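Right, one structure below, let's go through it.
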Amino acid sequence: MPLLLLDAVLAVLTAICALTSLASVGAPLTWDGTIPVAIALGLLLLARRRGPVVVLALSAAVLLGAQYGGLFEGGVIWPMTVAVFTAGLANLPWTAAICVLTLAAAVGPTMELARGGAELLWLALVLALAHGYRQHLRWRAEHEARLREAAGTRLAEQRLQIARELHDVVAHTLTVVGLHLNVAAEADSLPEAKGAIRVASDVRKKAMADLRSLIGVLRDVSGEPQPELSSIADLVARAREAGLDVTLDEGGDPTEVPAAQAMAAFRIVQEAMTNALKHSDARRLLVHLDYSSNQVRVEVVDDGTGPVSYTEGHGLTGMRERVTALGGWLEIEAGDGFAVRAGLPV
């Protein structure tokens, strides 16, 4: 149902329910008294999405004015139930304050105490429903965001996997074909055969260029160049410019590290440096990277004075998820400084 149609239906139902309730307590339904009150309560709901708290305040003013004017002696909370629920979704404290003040103003002069208690119970129920529904909407939004992030991560991993397969299998096959074509070109003396082999070699070179371009597109998951191990030097330079004494220690051959592990190592160093700059008083930072044939080991240690206990935020959680996805391990220590150690299987 379109939102405007839903608001119109709620407005009509509110006006009808208000008229019915006024008639049930003996209030006369007149065009110069109770009918305009019911119509006003309904019309105000048409603007409930743009200013829910304002609509609630105006509805309360209309009801209090009608009661103080002697038009009827009914409730003031339940006739504006829709307005209370909508305002509760937007701002629960202000909604509760407006409703309690309205109820306090109505009890005594225009409303019996027992009826006021019933109204208060109804108010608590509506506010509880609004709070529960708001929490549900928030949870659903967070859940959908996590699903989108997980889907994006899976897509990135699949594209990287395809890129690796293309590079390792198809590129290798084309390279072997090229070697055989060169041998055939040198061995065959027929001009026609040499021409055909030369055309085949040109086609093979074009296929290799197209393949490299395709692999580049697949690895470029986010539309920007993916970080590599060589980019860690840029991180170190920026951290030094920010006043942090950074020591970078590398061992092994970084060119043998697969793209997924290289990206994960870069992100670990990046997040650890960010934490050192933002959340501790660190002066020195050690970044140690070891590239072996079966594992990439990453260690980032600072001399900050952060608390011994800490809570993993989005950065540390994302770091742990990235390492786990690659089948690795992650250790985080806090105390005399902050240390992040990880191992990424190759």
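The values are calculated or read from the model by the stated rules, or taken from the named source; none is laboratory data. Keep in mind that this is a model prediction, so the values were computed, not measured. Using ideal geometry, Cβ is built from the backbone for each residue, glycine included, and neighbour counts are taken over all protein chains shown. Ligands, DNA and RNA are stripped out before the accessible areas are found, and what is left, the full protein with its side chains, is counted by its heavy atoms. Shrake-Rupley method; radii C 1.70, N 1.55, O 1.52, S 1.80 Å.
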For 281, 290, 245, 336, give me the order by solvent-accessible area with a 1.4 Å probe, most accessible first, ignoring ligands, DNA and RNA. 336, 281, 245, 290
Under 5 Å, built H, 5+ apart or other chain: amide partners of residue 285: 245, 246, 247
Count the net charge of all other residues whose Cβ sits under 11 Å from the Cβ of residue 304, scoring Lys and Arg as +1 and Asp and Glu as -1. -1
Note down the net charge around residue 95, summing +1 for each Lys or Arg and -1 for each Asp or Glu among other residues with Cβ under 14 Å from its Cβ. +2
Taking a probe of 1.4 Å and leaving out DNA, RNA and ligands, the range 235-295 shows per residue an accessible area in Å² of 53
